[in-house]
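Below: one structure, written as structure tokens.
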Amino acid sequence: MSQNDRLSLPFTNGSIDVADMGATLVLRARPSPAYALFDRQKIFCRQAFYPTYQQLANAGFAMDRPLPDEFTHAIVHITRARDETRALIAKAYTALVPNGVLIVDGDKTDGIESHLKAVKKLLPVTAVLSKSHGKVFWLTKTGTPAALTDWLAAHEPVQITDGYYTRAGVFSADKIDKGSAQLVPFLTGKLKGNGADLGAGWGYLSKQVLAANPAIISLDLIEADRHALDCARLNLSDERAVFHWSDALTHAAKTPLDFVVMNPPFHQSRKADPALGQQFIAAAAKLLKPNGSLYMVANRQLAYEATLEENFRHVERLDQNTQFKCIWARKPKH
Ligand SMILES: C[S@@+](CC[C@H](N)C(=O)[O-])C[C@H]1O[C@@H](n2cnc3c(N)ncnc32)[C@H](O)[C@@H]1O
């Protein structure tokens with residue numbers, strides 16, 4: 001997550017007067033130097049990704065206060081998902097009073113230029129500034145074009161293949177992930193007791209695991225993306241499923257677990273970076289009983305072997321093809 005100060009530009013160059021800011025809605029809020037310019041009492045931050053939400057809460061932002069009916073200003077930090085970002089822009093714009101100001105900030109790699117183009121087709125954009133491989137643009141609320149109402153729809157869950165609910169912006173929003181599907185056959189009849197799915201997403205792996213293992217007593221779905229977890233709630237009606245909006249790297253289970261399953265996330269910059277997945281492996285080991293098992297699937301090129309050996313006494317590769325590897329690691333070293 002970049003912490004550049006591009007968002008500060010329209011405020012520091014006098015284009016938008018901070019003194020005029022009343023209640024201000026900030027969608028996909030993230031730590032940003034610009035926030036130091038604002039009166040904290042007036043900014044209302046929303047963030048669905050738990051670690052970022054927690055970072056802001058720790059920095060003293062009141063994350064969950066009820067929203068006022070109207071805002072004089074609204075800020076959108078774009079996400080990588082086009083339709084999710086459009087819905088955020090529409091939501092922020094709709095929440096403004098007439099003549100309220102909408103500010104949109106984002107990196108080129110996340111698609112800020114195409115959002116600028118799309119917004120320009122609907123509304124007059126006041127100005128655009130470029131900095132740090134991205135843009136910030138802003139506009140004043142006039143009417144509300146009908147297309148914006150269509151953009152809002154992306155905030156709702158939709159049913160995809162096999163009746164699963166997902167929504168724009170969540171991991172693998174339009175299909176079942178091939179990696180998770182590859183792990184499922186290795187889990188049939190293998191799991192019992194209390195377990196967890198780290199990074200459970202919209203619940204595909206958890207649902208399959210519960211269906212194929214009647215001896216499971218409980219399964220904690222631990223997921224950082226609240227929108228994905230909301231979809232998982234729609235996808236799983238099994239009473240053994242327990243939903244946690246939480247950070248898998250710091251989550252504490254009530255009791256040590258018999259098993260963990262996971263398809264861990266990895267940072268995707270230019271090259272897939274295994275550091276996050278490695279932290280997931282260490283977190284899984286900590287959650288397990290001395291005799292517990294971790295079953296995981298990962299992109300084949302991600303270097304997890306050394307971390308698995310560091311954290312578990314037995315590591316076995318169950319399957320590997322050109323894309324994915326499925327691994328069973330037993331008996332954490334703790
Ligand atoms: C590769 S996806 C796996 C999704 C799901 N298990 C499936 O079967 O499709 C990884 C998931 O981890 C979540 N995630 C990323 N960082 C996380 C964290 N720190 N704590 C918990 N979940 C996280 C992502 O939001 C994503 O849903």
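The values are calculated or read from the model by the stated rules, or taken from the named source; none is laboratory data. These figures come from a predicted structure and were not determined experimentally. All Cβ positions, even for glycine, are placed from backbone atoms using ideal geometry, and neighbour counts span all protein chains on display.
Miscellaneous remarks
- Remark: Asp238 falls outside the filter, which requires a residue to be closer than 18 Å to Ser206 by Cβ, at pLDDT 95 or above and part of a strand (DSSP E or B).
- Phe186 assigned by TED's automatic domain parsing to the domain that holds Ala284, buried (at least 18 other Cβ atoms within 10 Å of the Cβ), hydrophobic (A, V, I, L, M, F, W, C) and in contact with a Leu (Cβ under 8 Å, 6 or more places away or on another chain): no
- Residues of region 182-206 that are in contact (Cβ under 8 Å) with a residue 40 or more places away in the chain, assigned to a helix (DSSP H, G or I) and either more than 9 Å from the ligand (Cβ to nearest atom) or over 22 Å from the mean Cα position of the chain (by Cα) (or both): Gln182, Leu183, Phe186.
- For region 216-258, filtering for residues that are crowded, with 19+ Cβ neighbours inside 10 Å, charged (D, E, K, R) and closer than 15 Å to Gly193 by Cβ leaves 2.
- The set of residues in region 207-227 being touching a residue at least 24 places away in the same chain (Cβ under 8 Å) and away from the ligand (no atom under 15 Å from the Cβ) consists of Asn213, Ala215, Ile216, Ile217, Ser218.
- Selection of helices (runs of 4 or more DSSP H) fully inside region 1-99 by the criterion of at least 1 residues being within 16 Å of the ligand (Cβ to nearest atom) and in contact with a Gly (Cβ under 6 Å, 6 or more places away or on another chain) returns 82-94.
- Taken across region 304-319, residues that are assigned by TED's automatic domain parsing to the domain that holds Val184 and within 12 Å of the ligand (Cβ to nearest atom) do not occur at all.
- Selection status of Phe280, within 14 Å of the ligand (Cβ to nearest atom), surrounded by 13 or more Cβ atoms within 10 Å (Cβ to Cβ) and under 25 Å from Thr52 (Cα atoms): yes
- Leu116 free of Cβ contacts under 8 Å to residues at least 40 places away in the same chain, in a strand (DSSP E or B) and more than 14 Å from the ligand (Cβ to nearest atom): no
- At least 1 residues being of a type in the set (Ser, Thr, Tyr) is the threshold, and among the strands (runs of 3 or more DSSP E) wholly inside region 261-333 those reaching it are 288-299.
- Among the residues of region 87-115, the ones that are buried (at least 24 other Cβ atoms within 10 Å of the Cβ) and among the charged types (D, E, K, R) come to 1 in all.
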